[in-house]
Amino acid sequence: MAHSTPFVRGTRKVDAVRRIAVLVALFGLCSASFAQQPPQSKPTAGPSEIKVGGAVKTPYTVTLEDLKMMPRKKLQVENPHSQKTEVYDGVPLAALLQKAGVPQGEQIRGAVMATYVLVDAADDYRVVFSLAQLDEGFMDSEVLLADTMDGAPLGAGLGPLRLIAPHDKRPARWVNMVRSITVGRVQ
Ligand SMILES: Nc1nc2c(c(=O)[nH]1)N[C@H]1C(S)=C(S)[C@@H](COP(=O)(O)O)O[C@H]1N2
Ligand SMILES: [Mo]
């Protein structure tokens with residue numbers, strides 16, 4: 001018994017060294033496989049055409065050129081972050097929804113009241129509005145899908161399309177790099 005103790009201790013030491021070696025090897029493999037992943041770069045622009053779809057009669061894709069030919073609105077706003085006056089130009093979100101055959105005005109009642117509009121961006125940022133909130137029969141939300149600011153196309157990180165919700169106190173629903181507009185119904 002007296003001489004077996006150093007022997008056991010020795011085995012333990014060898015085991016511990018082996019365990020550490022295995023852990024070091026695993027760590028090396030893991031970090032090597034992480035290193036091989038492409039760098040996760042944030043997108044700096046959205047697409048130049050966006051889908052209007054979901055629970056709509058006629059889903060469609062709208063391009064930057066299409067937007068130029070639709071009835072347009074100008075919006076002068078005070079940017080709540082920069083506190084600068086900015087002039088945006090674009091197409092009202094309500095008009096884009098009308099084109100897809102979404103209920104409007106008096107048609108927004110009953111079950112339709114649970115309809116939402118999801119706006120999704122190239123960096124996966126998403127916001128929702130209720131359909132009623134975007135309808136002129138309910139309120140003047142003036143939510144605009146803008147393609148220019150102060151007369152120039154929207155730059156990196158913002159465009160080419162940016163949603164402006166001028167009456168929101170925080171610009172959290174000013175969606176940059178808009179990718180799609182999807183209508184849904186809360187069940
Ligand atoms: N695509 C996208 N849009 C976005 C965001 C985002 O993370 N991604 N952040 C929102 C939030 S929380 C704010 S406050 C404003 C910031 O706008 P600013 O950079 O012009 O101040 O953008 C909004 N739009
Ligand atoms: Mo924000």
* Filter result (touching a Pro at 6+ places or on another chain (Cβ under 9 Å) and within 14 Å of ligand 2 (Cβ to nearest atom)) within segment 158-173 -> Ala165, Asp168, Lys169, Arg170, Pro171
* Determine if segment 103-112 includes at least one residue that is under 24 Å from the mean Cα position of the chain (by Cα) and surrounded by 14 or more Cβ atoms within 10 Å (Cβ to Cβ). => no
* Filter segment 174-187 for residues that are away from ligand 2 (no atom under 16 Å from the Cβ) and either without any contact (Cβ under 8 Å) to a residue 40 or more places away in the chain or within 18 Å of Ala132 (Cβ to Cβ) (or both) and give the result. => Ile181, Thr182, Val183, Gly184, Arg185, Val186, Gln187
* Residue that is farther than 26 Å from Ile108 by Cβ and in contact with a Lys or Arg (Cβ under 9 Å, 6 or more places away or on another chain), where the choices are Leu163, Leu158, Leu145, Leu154 -> Leu154
* Asked: Considering only segment 143-168, how many residues are within 11 Å of ligand 1 (Cβ to nearest atom), in a loop (DSSP other than H, G, I, E, B) and either touching a Cys at 6+ places or on another chain (Cβ under 7 Å) or within 14 Å of His81 (Cβ to Cβ) (or both)?
  -> 4
* To do: Determine if segment 54-62 includes at least one residue that is at pLDDT 95 or above, farther than 18 Å from Ala152 by Cα and in contact with a Pro (Cβ under 8 Å, 6 or more places away or on another chain).
  => no
* Only residues in segment 83-107 that are outside the structural domain of Glu136 (by TED's automatic domain parsing) count as the first member; pair them with residues that are of a type outside the set (Asp, Glu) and assigned to a helix (DSSP H, G or I), Cβ under 9 angstrom, at least 6 apart or cross-chain, and list the lot. => none
* Can you confirm whether segment 114-123 contains a residue that is more than 16 Å from ligand 2 (Cβ to nearest atom), more than 27 Å from Lys42 (Cβ to Cβ), outside any loop (DSSP other than H, G, I, E, B) and over 15 Å from the mean Cα position of the chain (by Cα)? => yes
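The values are calculated or read from the model by the stated rules, or taken from the named source; none is laboratory data. The structure presented is a predicted model; accordingly, all values stated were derived computationally and were not measured. Heads up, the Cβs are rebuilt from the backbone with ideal geometry, glycines too, and the neighbour counts pull from every protein chain shown.
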